[in-house]
1. Sequence-distant or interchain residues sharing an amide H contact under 5 Å with Ala210, placed H: which?
2. Taking Rh as the Kirkwood radius, which is the inverse of the mean 1/r over Cα pairs, what is the Rg/Rh value for the range 124-207?
3. Please give the contour-minus-distance gain from Val62 to Gln41: 0.36 nm per residue of separation, less the Cα-Cα distance, rounded to one decimal in nm.
4. Would you check the range 197-276 for Lys pairs whose C-alpha atoms are within less than 23 Å, ignoring same-chain pairs closer than 8 in sequence, and give me the count?
5. Mind listing the phi-derived Karplus ³J(HN,Hα) values for the range 172-180, rounded to whole Hz, using 6.51, -1.76 and 1.60 with θ = phi - 60°, and x for any glycine or proline?
6. Sorted by packing (mean other beta-carbon atoms within 10 Å per residue), highest first, where do 101-110, 73-82 land?
7. Of Val86, Pro165, Leu198, which is farthest towards the positive pole of the range 75-210's charge dipole, taken about the Cα centre with +1 and -1 on the beta-carbons of Lys, Arg and Asp, Glu respectively?
Amino acid sequence: MQKKRNIIYAAIAVVCIIALIAILRSFNADHTGKYHPRSYQDIINSGIIHATTEYNSIGFHVENDTIAGFHYELIQEFAKSKGLKVQITPSMSLQEQIEGLNTGKYDIIASSMLITTEQKDSVLLFTQPILHNRQILVQRKPSGDTDSTYIKDILELGKKTVYIPQGSPAYYRIQNLATEIADTIYIKEIPKYSTEQLMSLVAHSDIDYAICEESIAKGIISQYPQLDINTAISFNQFYGWGVNKESAELRDSINLWLEKYMQTKDFSRLTNRYFK
């Protein structure tokens with residue numbers, strides 16, 4: 001009898017250990033992000049889409065006690081068409097945004113994401129292009145004819161240091177530009193800084209050069225009359241939103257909606273308000 005009792009106790013102990021291991025594995029998965037992004041049907045069933053965007057004049061910002069931003073308003077329109085609400089999380093780090101897609105924290109990066117081969121080959125699926133834009137050099141206007149800091153031509157960027165937000169796709173363009181001019185261009189990536197903040201640093205002479213999207217620069221150049229944004233370092237390139245590689249159904253749904261919405265007067269008014 002005692003032997004049977006011991007066998008039962010041992011069996012119960014084994015079951016408890018297995019259950020504990022399963023719980024710990026589940027806990028670990030939830031806290032290390034090792035789980036899959038939500039499916040499109042999961043998003044629809046929840047009634048909420050989780051989006052991240054940059055905190056700037058184009059992405060998401062507070063204006064006269066109201067929330068504004070091109071991408072903020074556009075994702076709201078998409079969500080409304082699907083009967084969803086949007087939960088927005090501003091983030092200035094592209095790396096953090098992509099990690100958020102991987103862990104399921106975000107369903108979509110609703111920012112001006114340069115559609116590049118490098119990111120296509122990593123973890124992203126891009127929507128169809130929403131905007132076209134180009135990278136420009138932000139510098140101070142010349143103080144005189146002998147101002148050696150002022151750059152009249154991109155060929156003069158050799159041996160100069162340019163600043164970009166950490167993780168910016170402009171990094172690849174600058175590397176290519178250095179090859180094109182057969183000289184070294186030093187790149188400093190600044191974490192947690194937006195292109196708008198870098199423009200402010202240039203304006204106040206903390207740094208000499210920053211690389212910025214032209215649409216953002218034009219949106220705030222009136223605040224910094226001492227700045228020059230007339231030197232382009234790239235041709236017009238396409239920008240879209242990004243989702244996880246496992247979220248093809250969400251990407252396809254957004255694309256179908258964009259094809260129709262981008263033909264409407266509402267979209268024209270939206271782009272005119274932020275870019276013209």
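The numbers here are math on the coordinates, done by the rules we state, and not lab data. Only a predicted model underlies this, so the values are computations on that prediction, with no experimental measurement involved. Glycine also receives a Cβ, built like all others from the backbone with ideal geometry; neighbour counts cover every protein chain displayed.
1. Val138, Tyr163
2. 1.00
3. 4.4 nm
4. For the range 197-276, qualifying lysine pairs total 4.
5. My calculation for the range 172-180 gives 5, 5, 5, 4, 5, 5, 4, 5, 5 Hz in order.
6. For the peptides 101-110, 73-82, the packing ranking is 101-110, 73-82.
7. So the residue we want is Val86.
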